[in-house]
Amino acid sequence: MNTNLDINTELAREILVGFIKSEVTRVGFSRAVLGLSGGLDSALSCALAVSALGKENVLAVRMPYKLSNQNSLDHAQLLIDQLGVQTKTIEITEMVEPLFKLDADTSNLRKGNIMARQRMIVLYDQSEAFKGLVIGTSNKTEILLGYSTMYGDSASAMNPLGDLYKTQIRQLARAMHIPAPILDKAPSADLWADQTDEKELGFTYEEVDQLLYLLIDQRYSLQEAQDAGFDEKFVKTVAARIQRNQFKRMLPPIAKVSNRTIGYDFLYLRDWGT
Amino acid sequence: MKLNLALAQINTKLGDVEANLAKHLDYIQQAKAEKADLLIFPELSLTGYVLQDLVASVAHKPTEDDPIFKHLLKASNDMDLVVGFVDEDSRHRFFIASAYLSGGKTLHVHHKVYLPTYGLFDEGRFFAWGDQVRAFDTRFGRMGLLICEDFWHASPPYLLWLDGADLMLFSSASPGRGLNDKEKLESARWVERVTKAYASMFTSFVAHCNRVGYEDGLHFGGGATVFDPNGEELAHGPYNLEAITYAQLDLNQLRRTRARLPLLRDERTNLTLSELQRILQK
C-alpha cells in the first residue's frame, strides 16, 4: 500500500506558478485578487500568485467579522508584511448583521454560509475595482469532502490548489516559507469561536488524506481500503461525504431538449482561443 | 552523414491556427539561423490540444493550395519540417496528424492510430482512428512518425522498425500528471523511459518533442529528448519553457551500433507473424 503523499515541492511550485501566470495573462489580465483569511490555504495561494505576477499585482483582502479571531487578522498581516502585496481590510459585520437579524433562529451554519458568500461578493467587487482575477484557495481534501460553501469560499476564477491534499498544501507552504504561526495552527474556517476543521469533520487531515489518496488517486475500492487497515465506519463516512457533495463540484444540470445543449454537446474549454 | 536536428517545444493558442502558424514561421527562422536540417513541432502544434468541438473549424489539408500549409511548404525549402495538425480527408473524417514537409512537398502524413479515450483523455469522441503505420524515405534516410499514445503502445515503433525506419520522430501534447516526491512527474518519467528503450531495442535514433503550456489546468511539460542507437541521450530540452533543442545526429552511428549489436539482423519476423496468427485465431 502506497500512502506516501510527499511531493516534490519545487516542481509543484513551478507548475502552479506557471498555471496562475498563464490563466491570468492569456485573457488579458495581469493582476489577481484573493481573500486572505490568516489560514494556510489562502496564504499559499497568495504566495503562489506573488511568484506568478509580482507583489504589486496581487491584492490580498482581509474580510473580518466582529467575532473573527484576532489571530486571523494578525497572521494575515504577517504574510502581507512578508510578501509586500497590495492589501485591503474590509469588515463584513455591517453587511451580514442585517440578514442575521431578520431571523432570530439563524444557525451557526447559516451564518457561516452567509459570511462566506458575503466575502465572495466583496472579493468579486474588488476583482472589478482592481482589475484582477479571483484566485481560489480550495484544496483537494475539502473539495472532495464538500467542506466549503457553494458560491462562497469555493467561488473563484481559477484554483491553483485544488489538486493538492491538505497535507501536501502544508509541505508546499513550508517550502515557500509561509510564516510559522500560520503553518503550525489548527486549520479553521473561523466562522464561530473555537471552530476547527478537524473538530467539525470528526477526523484529522492526516488520516483522511491517506484514505482519500487511496480511494481517489489509487482507485482503491471501499473494501480494499478497509483491507489496507482503515476503519470501516471511517471509510463509509468519507465515501458518503464524497458522493453526497458531488453537486458542489458541478455546474447545475441543464434539462436537455434541443439538439445541442451547453455542457453536454457544446464542448469548448474555457481557454478556447487563448 | 550528419543531421542537424531541432525540436521546437512550443506553446499554442487553442483553436487559433493563424497565430500558431506565425509562431511556427518564427521558430523556423530561429532554427534556420542555427543551420538546422530538420525541425520538429509537437502534436497538434497548429491547433492546440483539447479541441473538442473546435475540431472541424481548425482542420487543414497539407497541400500547396491550403492557406496555412502553403507557408509551411514554402518554408520547407529551407529545412525539413514535422508539424502537427488536424487533417480532414476527402470524406470529412478528422484525424490527429503529423506531416513531414521537405523541399516544398509533403513527403508523408501520419494519422494517429491510438486515440486515448480514458482518464483525462477524450480523443476517440472527436477524432477518427488512423489505420496505417508506415516508414518513408527522406534525404536523411528512412524515418517514421508517431504521435503520443501511438508510442505508449509497443507495436507502432516495432512496425516502423521493420518497415525500415532508422529515425523515429515522436511528437506529443502530453498532459503532465502524477506529482509525487520524485524529481519529475510520473508521466514524464514514463515517456523518457520508453523513448530511451525504443532507441536501445531498435538500435535507432529516437527524437521526442512535447509541447509546453496550459489548457484549462492541464499542464504540458516539454522536455524534448533525442536518443542515439545505443540508447544514449544526445539532447534534453528544458521543462515548462518554450525552447528549441538542437542535436547533431551522426547517422554513421547506426552502422557502428548494428555491427556490434545485430538485433535488427536477428529479428525473427516470421516467428512473430506466425505466433500472432495463432494468437489471433484462438
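Listed values, structure above:
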quantity: Hits in segment B:27-58 (condition: surrounded by fewer than 23 Cβ atoms within 10 Å (Cβ to Cβ) and not in a helix (DSSP H, G or I)); calculated: B:GLU34, B:LYS35, B:ASP37
quantity: Total residues in segment A:49-61, condition within 14 Å of chain B (Cβ to nearest Cβ) and buried (at least 22 other Cβ atoms within 10 Å of the Cβ); calculated: 1
quantity: Residue check for B:GLU215: within 14 Å of chain A (Cβ to nearest Cβ), surrounded by fewer than 22 Cβ atoms within 10 Å (Cβ to Cβ), in contact (Cβ under 8 Å) with a residue 60 or more places away in the chain and more than 17 Å from B:LEU3 (Cα to Cα); calculated: no
quantity: Top-ranked residue in segment A:32-71 [being part of a helix (DSSP H, G or I) and touching a Ser or Thr at 6+ places or on another chain (Cβ under 6 Å); ranked as farthest from A:ASP184 (Cα to Cα)]; calculated: A:ASN57
quantity: B:LEU169, sole failed condition from (1) of a type outside the set (Phe, Trp, Tyr); (2) at the interface with chain A (Cβ under 9 Å from one of its Cβ atoms); (3) buried (at least 24 other Cβ atoms within 10 Å of the Cβ); calculated: (2)
quantity: The one condition in (1) surrounded by 15 or more Cβ atoms within 10 Å (Cβ to Cβ); (2) more than 14 Å from chain A (Cβ to nearest Cβ); (3) in contact (Cβ under 8 Å) with a residue 40 or more places away in the chain; (4) not aliphatic (A, V, I, L, M) that B:LYS61 fails to fulfil; calculated: (3)
quantity: Failed criterion for B:PHE202 (all others in (1) surrounded by 19 or more Cβ atoms within 10 Å (Cβ to Cβ); (2) more than 14 Å from every other protein chain (Cβ to nearest Cβ); (3) in contact with a Gly (Cβ under 9 Å, 6 or more places away or on another chain); (4) over 25 Å from B:GLN30 (Cα atoms) hold); calculated: (3)
quantity: Any hit, segment B:123-139, residues being in a loop (DSSP other than H, G, I, E, B) and free of Cβ contacts under 8 Å to residues at least 12 places away in the same chain; calculated: no
quantity: Which numbered condition B:GLU267 fails, given (1) surrounded by fewer than 22 Cβ atoms within 10 Å (Cβ to Cβ); (2) within 21 Å of A:ILE15 (Cα to Cα); (3) of a type outside the set (A, V, I, L, M, F, W, C); calculated: (2)
quantity: Within segment A:5-16, considering residues that are more than 7 Å from chain B (Cβ to nearest Cβ) and not β-branched (Val, Ile, Thr), the one farthest from the chain's Cα centre (by Cα); calculated: A:GLU10
quantity: Counted residues, segment A:73-96 - those being surrounded by 13 or more Cβ atoms within 10 Å (Cβ to Cβ) and in a helix (DSSP H, G or I); calculated: 12
quantity: Count of segment A:216-249 residues which are among the β-branched types (Val, Ile, Thr), within 20 Å of the chain's Cα centre (by Cα) and either more than 30 Å from B:TYR214 (Cβ to Cβ) or within 14 Å of chain B (Cβ to nearest Cβ) (or both); calculated: 2
quantity: Odd one out for B:ASP78, checked against (1) modelled with pLDDT under 95; (2) within 14 Å of the chain's Cα centre (by Cα); calculated: (2)
quantity: Scope segment A:17-47; condition within 16 Å of A:GLY136 (Cβ to Cβ), more than 14 Å from chain B (Cβ to nearest Cβ), surrounded by 20 or more Cβ atoms within 10 Å (Cβ to Cβ) and in contact with a strand residue (DSSP E or B) (Cβ under 9 Å, 6 or more places away or on another chain); matching residues; calculated: A:ALA32, A:VAL33, A:LEU34, A:GLY35, A:LEU36, A:SER37, A:SER42, A:SER45, A:CYS46
quantity: Number of positions in segment B:148-187 that are polar (S, T, N, Q) and in contact (Cβ under 8 Å) with a residue 40 or more places away in the chain; calculated: 3
quantity: Which listed residue, of A:ALA157, A:ALA193, is at pLDDT 95 or above, more than 15 Å from A:GLY39 (Cβ to Cβ) and of a type in the set (Gly, Ala, Ser); calculated: A:ALA157
quantity: Residue in segment A:250-268 that is surrounded by 14 or more Cβ atoms within 10 Å (Cβ to Cβ) and within 12 Å of another protein chain (Cβ to nearest Cβ) present; calculated: yes
quantity: Members of segment A:10-31 found to be over 20 Å from B:VAL212 (Cα atoms) and either assigned to a helix (DSSP H, G or I) or out of contact with any Gly (no Cβ under 6 Å at 6 or more places or on another chain) (or both), listed by number; calculated: A:PHE29, A:SER30
quantity: Qualifying residue in segment B:1-10 (condition: surrounded by fewer than 19 Cβ atoms within 10 Å (Cβ to Cβ), hydrophobic (A, V, I, L, M, F, W, C), in contact (Cβ under 8 Å) with a residue 60 or more places away in the chain and not in a strand (DSSP E or B)); calculated: yes
quantity: Residue count, segment A:114-133 (criterion: touching a residue at least 40 places away in the same chain (Cβ under 8 Å), surrounded by fewer than 21 Cβ atoms within 10 Å (Cβ to Cβ), over 25 Å from A:PHE100 (Cβ atoms) and among the hydrophobic types (A, V, I, L, M, F, W, C)); calculated: 1
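Rundown of residues vs (1) at pLDDT below 95; (2) over 18 Å from A:VAL58 (Cβ atoms); (3) assigned to a helix (DSSP H, G or I), yes/no style:
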site: A:VAL134; (1), (2), (3): no, no, no
site: A:LEU144; (1), (2), (3): no, yes, yes
site: A:GLY152; (1), (2), (3): no, yes, no
site: A:LEU164; (1), (2), (3): no, yes, no
site: A:ILE169; (1), (2), (3): no, yes, yes
site: A:LEU172; (1), (2), (3): no, no, yes
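Yes/no matrix, rows are residues, columns are (1) under 24 Å from the mean Cα position of the chain (by Cα); (2) outside any strand (DSSP E or B); (3) within 14 Å of chain A (Cβ to nearest Cβ):
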| site | (1), (2), (3) |
| --- | --- |
| B:LEU234 | yes, no, no |
| B:THR245 | yes, no, no |
| B:GLN248 | yes, no, no |
| B:LEU254 | yes, yes, no |
| B:ALA259 | no, yes, no |
| B:LEU264 | yes, yes, no |
| B:THR272 | no, yes, no |
| B:GLN277 | no, yes, no |
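The values are calculated or read from the model by the stated rules, or taken from the named source; none is laboratory data. Small disclaimer: the values here were computed from a predicted structure and weren't measured. As a convention, Cβ positions derive from the backbone with ideal geometry for all residues, glycine included, and neighbour counts pool all protein chains shown.
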